[in-house]
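Data block below; observations after.
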Amino acid sequence: MSVYLLTTLDTKGDEAALVRCRLEQLGIDVTLVDTGCLGKPTVPPDIFREQVFAAAGTSVEEMVAGGDRGVAVTLAAEGARNIVSAAFLAGRVDGVLALGGSAGTTIGTAAMRALPLGVPKLMVSTLASGQVRPYVGDKDILMMNSVVDIAGINRISRKILTAAAAAMAGMVRGASVDAGASPETTTGDDKPLIAASMFGVTTPCVQHARQVLEDAGYEVLIFHATGNGGQGMESLIDEGLLAGVLDITTTELADELVGGVLSAGPDRLTAAARCGIPQVVSVGATDMVNFGSRDSVPSKFAERQFYQHNATVTLMRTTAEECARLGAEIGRKVADSKGHAAVMLPKQGVSAIDGADQPFDDPVAREALFEGIRKEHGRAELLELDQHINDSAFAEAAAQKLIELINRR
């Protein structure tokens, strides 16, 4: 078993040496990668910084001459990513561990994000207790808080770094055991995979549909539509692991359009279309844009309609104009599908709080959403059901439609 250990050896050489030593004591081979640029490395690496920058199409000399730390970090991240990716494809990487502050975290996690799900990834970082989404993205990266700065060995850093080495050793051993498990112990790993998107306000629909799909012999992976969830689902689709997609909850597109905090980016709802994967798409929770606490909502939205989900989650009703734009975007993206695709519209409401006598009930906005889809869905099949999205009949119809599209494929 082999772990790639990444850090800047001019500033974190002693720490890297401690982690490498502990990993080797635990029976793990270590490839130490120097991602530094300016100072001299204090311990010898296995992969030199010159190799890292060469892998990014530049050189250490050019970086030093340029004197731009930001550029150096960006290119070190690119070089580290290329080196680790090539080593993984060659079968030499069972896990990646990195140490760092802001620069080291940028570099280390760039390499980690290039690896598939399931490959152990551990980032010991001074930033781990803050907002880590830019570093983790849609990957299974474990962020470990260094507590103190990674600047010397002391009674705190020694405990943290030793624990990190033990955690990485355990993860790579566990991944190896799982990879070698017999069919009798893998609980249905041969079942075709389906990805489904869910939010709290669409849970009844997705849970019922999941049961239908599982009864039909599929394994269902549910992604929480919180931005990184949608990104994770899109990434998994691109990896070619799925038989179909049940994209019930496309709410992240509303956040991207209006400016909420749970956007999955502009590429949401594109992977299945691009890869030709059968997909059933609906409009779950597109009645809302997500913010944090009430006082975090931008002042430009002060006159809008809100629903306080809890103390830290504020929902804002999408307007008819926003819904029209959102529907057109959904329609266009599904229309681009290279494979079989269908859009299903629940005419009685798109979330638990959008329906008769519910806080976000707005027939005009719903109709604007639906009309936008009608105009743009192209060759994709369009089904309009006189049901609420959380009605069991709607969930059943969505699941059965996806099974039909998969079988057609």
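The values are calculated or read from the model by the stated rules, or taken from the named source; none is laboratory data. Just so you know, these numbers come straight off a predicted model, no measurement behind them. Cβ: placed from backbone, ideal geometry, glycine included. Neighbour counts: every protein chain shown. Just so you know, the surface numbers come from the protein's heavy atoms only, side chains and all, with ligands and any DNA or RNA stripped out. Shrake-Rupley method; radii C 1.70, N 1.55, O 1.52, S 1.80 Å.
Do you know which residues across the stretch 187-230 are among the charged types (D, E, K, R) and crowded, with 16+ Cβ neighbours inside 10 Å? Within the stretch 187-230, R210, E219 qualify.
Could you list all residues from the stretch 367-395 that are of a type outside the set (D, E), closer than 15 Å to L326 by Cα and within 29 Å of the chain's Cα centre (by Cα)?
Correct list: L369, F370, G372, I373, H377.
Quick check: anything in the stretch 215-222 closer than 12 Å to L193 by Cβ and of a type in the set (S, T, Y)? There is at least one residue in the stretch 215-222 that is closer than 12 Å to L193 by Cβ and of a type in the set (S, T, Y).
When the test is whether a residue is farther than 14 Å from A111 by Cβ and either more than 26 Å from the chain's Cα centre (by Cα) or of a type in the set (F, W, Y) (or both), D29 passes it. Would you check if T74 is under 20 Å from the mean Cα position of the chain (by Cα) and among the hydroxyl-bearing types (S, T, Y)? Here the answer is no, as T74 does not meet what is asked. For the stretch 231-252, a tally of residues being crowded, with 24+ Cβ neighbours inside 10 Å and among the hydrophobic types (A, V, I, L, M, F, W, C) returns 4.
Residue-wise test of (1) within 20 Å of the chain's Cα centre (by Cα); (2) among the hydroxyl-bearing types (S, T, Y).
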| site | (1), (2) |
| --- | --- |
| G100 | no, no |
| I107 | yes, no |
| V119 | yes, no |
| M123 | yes, no |
| S129 | yes, yes |
| R133 | yes, no |
| V147 | no, no |
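Taken over the stretch 259-271, the criterion of being surrounded by fewer than 18 Cβ atoms within 10 Å (Cβ to Cβ) and on the phi < 0 side of the Ramachandran plot is satisfied by V261, P266, D267, T270. Between S102, S85, S129, the distinction of being over 19 Å from I28 (Cβ atoms), out of contact with any helix residue (DSSP H, G or I) (no Cβ under 6 Å at 6 or more places or on another chain) and modelled with pLDDT of 95 or more belongs to S85 only. Condition check for E256 on (1) under 18 Å from the mean Cα position of the chain (by Cα); (2) open to solvent by 10 Å² or more (accessible area, probe 1.4 Å); (3) farther than 18 Å from I373 by Cα: one failure, at (3). Of everything in the stretch 310-335 that is in a loop (DSSP other than H, G, I, E, B) and at pLDDT below 95, the residue that is surrounded by the most Cβ atoms within 10 Å (Cβ to Cβ) is T312.
From R366, R408, grab the single residue that is closer than 28 Å to P278 by Cβ, open to solvent by 60 Å² or more (accessible area, probe 1.4 Å) and not aromatic (F, W, Y).
Values: R366 fails: open to solvent by 60 Å² or more (accessible area, probe 1.4 Å).
Only one candidate passes the filter, namely R408.
Against the criterion of being in contact with a helix residue (DSSP H, G or I) (Cβ under 7 Å, 6 or more places away or on another chain), more than 26 Å from L241 (Cβ to Cβ), open to solvent by 20 Å² or more (accessible area, probe 1.4 Å) and aliphatic (A, V, I, L, M), V147 qualifies. Residues in the stretch 200-230 that are outside any helix (DSSP H, G or I) and over 17 Å from E404 (Cα atoms) were compared, and the one that is nearest to the chain's Cα centre (by Cα) is G227.
You will find that of K300, K338, the residue that is loosely packed, with under 13 Cβ neighbours inside 10 Å, on the phi < 0 side of the Ramachandran plot, part of a loop (DSSP other than H, G, I, E, B) and not hydroxyl-bearing (S, T, Y) is K338 and no other.
Against the definition (over 21 Å from H309 (Cα atoms), surrounded by fewer than 17 Cβ atoms within 10 Å (Cβ to Cβ) and without any contact (Cβ under 8 Å) to a residue 60 or more places away in the chain), how does E396 come out, yes or no? In short, no. Here R113, R20, R81, R92 are screened, and the one residue that is over 30 Å from S235 (Cα atoms) and either open to solvent by 10 Å² or more (accessible area, probe 1.4 Å) or free of Cβ contacts under 8 Å to residues at least 60 places away in the same chain (or both) is R20.
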